[in-house]
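Scroll down for the structure; my scribbles are underneath it.
The values are calculated or read from the model by the stated rules, or taken from the named source; none is laboratory data. The shown structure was predicted, so the numbers you read here are calculated from the model rather than taken from an experiment. In this analysis, Cβ positions are derived from the backbone assuming ideal geometry, glycine residues included, and neighbour counts consider all displayed protein chains. Accessible surface areas use protein heavy atoms only, side chains included; no ligands, DNA or RNA. Shrake-Rupley method; radii C 1.70, N 1.55, O 1.52, S 1.80 Å.
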Amino acid sequence: MFRLDGKVAIVTGGSRGIGRSCAEVLAAQGATVVVTYVRGADEAKKTVDAIVEKGGKAEAVGFDVADMNATETAIADVAKRLGRLDILVANAGIAQDNLVLRVKEEEIDRLFAVNVKGAIASAKAAVKVMMRAKTGRIVFLSSIVGEMGNGGQTVYAATKAALLGVTKTLAREYASRNITVNAVAPGFIDTDMTTQIAGEMKEGMLKSIPLGRTGRPEEVAACISFLCSDEASYVTGEVVRVNGGMLMG
């Protein structure tokens, strides 16, 4: 089940964390995976090498998702070179925490440029290819804070909440072309972002998780791989939570 043999997948921001795990899982399921990056060329290469060493197919492509022209050109080129584009995982994103009274305009602009504009730009470019094929899978990476909020993360939470509206709207717009669009909202996952949290703050967060532990990137990736599969062909417009029960209902 959940095989992706012969499929081509793009994972934006796939050089580390959840993006890297996602790229590895999709490749293990048989997809040819394109890992995108902005500055992390070395990390992207490590992801590609790890996939190839296990017998998978992958390559790395560098561009900034916040640049719509560069994004459209890069994704169109991937589809042309590889002959198709079946899956887009819009994972690229940045976080910058600050209380709203201290937030600077440039911080707001940058977070929205990458997290929202970048996701929309990636989807727009992918949809152009998928519409011709009359099939496709798009998955956006949102966050638990986009649903429940979190102190000091007003702007970040706003960008992740915006992706939920994008998901549901695109799901309606392109269902007739057999393109499904879903979002995954991870909770407290072991990544570079969360390893910086320690002490009482981390203990407090763990107490709010019914399963009593942080999540692993591969657990998020497993959910994404299902949404990208043929078995998920009747799932669209959904927000799937992978948060250990931290947020329910």
> Starting at 0 and stepping by 5 Å, how many percent of the alpha carbon pairs of the range 108-240 end up in each bin?
Replying inline: 2, 10, 18, 21, 19, 14, 9, 5, 2, 1, 0
> Over the chain, what number does the Rg to Rh ratio reach, with both radii from the alpha-carbon atoms and Rh per Kirkwood?
Replying inline: 0.95
> So what's the Cα pair-distance distribution over the range 1-130, bin width 5 Å, in %?
Replying inline: 2, 12, 21, 22, 19, 12, 6, 4, 2, 1, 0
> Which entries of Lys45/Lys117; Lys46/Lys104; Lys134/Lys168; Lys7/Lys54 show an alpha-carbon separation above 24 angstrom in the structure shown?
Replying inline: Lys45/Lys117; Lys46/Lys104
> Helix-derived [θ] at 222 nm for the chain: sum -39500 (n - 2.57) over DSSP H runs of at least 4, divide by residue count, nearest 500?
Replying inline: -13500 deg cm²/dmol
> Taking a probe of 1.4 Å, how large is the accessible area per residue of the chain, in Å²?
Replying inline: 48 Å²
>> Please list, ordered by chain and number, the residues whose modelled amide H lies under 5 Å from the amide H of Lys57; skip anything fewer than 5 residues away on the same chain.
In response: Val33
>> Using protein chains only and a probe of 1.4 angstrom, how many square angstrom of Lys57 are accessible, to the nearest 10?
In response: 130 Å²
>> Under 5 Å between amide hydrogens, which residues at least 5 positions from Leu88 or on another chain qualify, with H placed 1.01 Å from N in the peptide plane?
In response: Ile10, Arg137, Ile138, Val139
>> Let me make sure I get this right: for the range 1-59, a, b and c are the square roots of the gyration tensor eigenvalues over alpha carbons, sorted descending. Under 1.5 in a/c it's rounded, otherwise prolate if a/b > b/c, else oblate. Which is it?
In response: prolate
> Can you work out ³J(HN,Hα) from phi for every residue in the range 77-88, in order, using Karplus 6.51 cos²θ - 1.76 cosθ + 1.60 and θ = phi - 60°, giving whole Hz and x for Gly and Pro?
Replying inline: 5, 4, 4, 5, 5, 8, x, 5, 8, 9, 9, 10
> Given H placed on each backbone N at 1.01 Å, which residues far from Gln153 in sequence or on other chains put an amide H within less than 5 Å of it?
Replying inline: Asn98
> What shape does the range 101-149 have by the C-alpha gyration tensor, where a ≥ b ≥ c are the square roots of the eigenvalues, rounded means a/c under 1.5, and otherwise prolate means a/b greater than b/c and oblate the rest?
Replying inline: oblate
> So what's the gap between the Cα centers of the range 224-249 and the range 1-66, to the nearest angstrom?
Replying inline: 20 Å
> Of the accessible area of the chain, with the probe set at 1.4 angstrom, what percent is carbon plus sulfur?
Replying inline: 52 percent
> Treating the beta-carbon of each Lys and Arg as +1 and of each Asp and Glu as -1, no other charges, what is the dipole magnitude of the chain about its Cα centre, to the nearest 20 debye?
Replying inline: 640 debye
> Measuring from label point to label point, each 7 Å out along Cα→Cβ, what is the Ser208 to Met1 span in nm?
Replying inline: 3.2 nm
> Between Glu218 and Lys54, what is the spin-label point distance in nm, taking each point 7 Å from the Cα along the Cα→C-beta axis?
Replying inline: 0.7 nm
> Once you charge only the Cβ atoms, +1 for Lys and Arg and -1 for Asp and Glu, what is the size of the charge dipole of the range 48-148 about its Cα centre, to the nearest 20 debye?
Replying inline: 640 debye
>> Residue by residue through the range 139-146, what is 3J(HN,Hα) from phi via Karplus (6.51 cos²θ - 1.76 cosθ + 1.60, θ = phi - 60°)? Round to whole Hz and write x for glycine and proline.
In response: 10, 9, 9, 9, 6, 4, 6, x
